[in-house]
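See structure below.
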Amino acid sequence: MTDRAKRKSDAKIHTRSLLRSAPLGLSLAELRRDYVDYIGTHLPSRDLGYNNDEEFL
């Protein structure tokens, strides 16, 4: 698995975990905030080749 594929897989796992922990769902702003709070970095959408966070999701 390449480094980029590993980072994409990790980002998906983290995102799913955050979304599952919020039974009422999260807005994109809330997801971005929670990702930074719990994972410690911003969503890596652009690093993974996406134009924006919505495209990644």
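Every number in this text was worked out from the coordinates using simple rules, so none of it is lab data. Note that the structure is predicted; figures quoted are calculated from it, not measured. In this analysis, Cβ positions are derived from the backbone assuming ideal geometry, glycine residues included, and neighbour counts consider all displayed protein chains.
Laid out as a table, the results:
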item: Potential lengthening between Arg32 and Ile13 on full extension [0.36 nm per residue; Cα-Cα distance subtracted]; result: 5.4 nm
item: Estimated dipole of the chain in Debye, rounded to 20 [Cβ of Lys and Arg +1, of Asp and Glu -1, Cα centre]; result: 220 debye
item: Radius of gyration and Dmax over the Cα atoms of the chain, both given in Å; result: 11.1, 35
